[in-house]
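Structure first, commentary second.
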Amino acid sequence: MRLLLIGAPGAGKGTQAERLAERFGIAHISSGDLLRQHVREQTSIGRTIKSYVDKGDLVPDAVVLDMLRKPVVAAVEAGGYVLDGFPRTVEQAEASFAVAQALGVEVQAAIHLDVPREELVRRLLARRRGSEDTEAVIEHRLEVYLEKTVPLLAGRELMFAVDGAQPPDAVHEEIVARLRKLAAFTAWDI
């Protein structure tokens, strides 16, 4: 099983990815966690990443694609993955699809966690990760999401949306129920 979670910052992608990974025995790959690890370890890529993140901008595609290649291939060999935080733009989706298809590791279904803007701001202010999480930076991150990521929602064959403003348990159960319906029409074993 190869899943992609799409949602604004604060939508609950990490929480749901962890639950889905545990439930289905697949790897949770978080581009954000990998990026933060590089920043924490102050690698050369980490310093580049920090300059973008501090402004609320997206990290360049080539950097993220290179960073994700090994973990995604390893996860597929081990049974599958749930990816959160990537792709975030149509350009990233197009570039990653070509690479993933060639490697046989492409996403099978995408899940959109739909959460109202006011709830996203409330959640992000409550969980502030560091000095970069000011209200102005949060608003900028949401604008970037609307401009760059929302266009991904159009034209995906196997994608469904769930109400991400529900309690986490309800969101998880709705996702699992929808995946089971999809599995009935595909060759998935869930």
Flagged in the stretch 134-167 as among the aliphatic types (A, V, I, L, M), at pLDDT below 90 and within 25 Å of Gly79 (Cα to Cα), in numbering order, are Leu158, Met159
Going by what's in this entry, would Val53 be described as under 25 Å from Met159 (Cα atoms) and crowded, with 18+ Cβ neighbours inside 10 Å?
no
Of (1) modelled with pLDDT under 90; (2) more than 15 Å from the chain's Cα centre (by Cα), Ala170 fails just (1)
Reported set for the stretch 100-118 where residues are more than 18 Å from Asp84 (Cβ to Cβ) and surrounded by 13 or more Cβ atoms within 10 Å (Cβ to Cβ) is Arg117
(Q) On the basis of being surrounded by 15 or more Cβ atoms within 10 Å (Cβ to Cβ), within 19 Å of Arg23 (Cβ to Cβ), modelled with pLDDT of 85 or more and of a type in the set (Ser, Thr, Tyr), does Tyr81 make the cut? (A) yes
In the stretch 46-60, anything modelled with pLDDT of 85 or more and part of a helix (DSSP H, G or I) is listed as Gly46, Arg47, Thr48, Ile49, Lys50, Ser51, Tyr52
If we ask which residues in the stretch 7-45 are open to solvent by less than 50 Å² (accessible area, probe 1.4 Å), part of a loop (DSSP other than H, G, I, E, B) and of a type outside the set (Ser, Thr, Tyr), their number turns out to be 6
Going through the stretch 109-152 in order, the residues found to be closer than 21 Å to Ala17 by Cα, assigned to a helix (DSSP H, G or I), β-branched (Val, Ile, Thr) and in contact (Cβ under 8 Å) with a residue 40 or more places away in the chain are Val121, Thr149
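For every residue, the table says whether it meets (1) basic (Lys, Arg); (2) over 28 Å from Ala183 (Cα atoms); (3) touching a residue at least 24 places away in the same chain (Cβ under 8 Å).
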{"residue": "Leu4", "(1), (2), (3)": "no, no, yes"}
{"residue": "Gln16", "(1), (2), (3)": "no, no, yes"}
{"residue": "Gln37", "(1), (2), (3)": "no, yes, no"}
{"residue": "Lys55", "(1), (2), (3)": "yes, yes, yes"}
{"residue": "Asp61", "(1), (2), (3)": "no, yes, yes"}
{"residue": "Val72", "(1), (2), (3)": "no, no, yes"}
{"residue": "Ala75", "(1), (2), (3)": "no, no, yes"}
{"residue": "Glu106", "(1), (2), (3)": "no, no, yes"}
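The values are calculated or read from the model by the stated rules, or taken from the named source; none is laboratory data. Here the structure is a predicted model, which means the values were calculated and not measured. Neighbour counts run over all protein chains shown; Cβ positions are idealised from the backbone, glycine included. Side chains included, ligands, DNA and RNA excluded: accessible areas come from the protein's heavy atoms. Shrake-Rupley method; radii C 1.70, N 1.55, O 1.52, S 1.80 Å.
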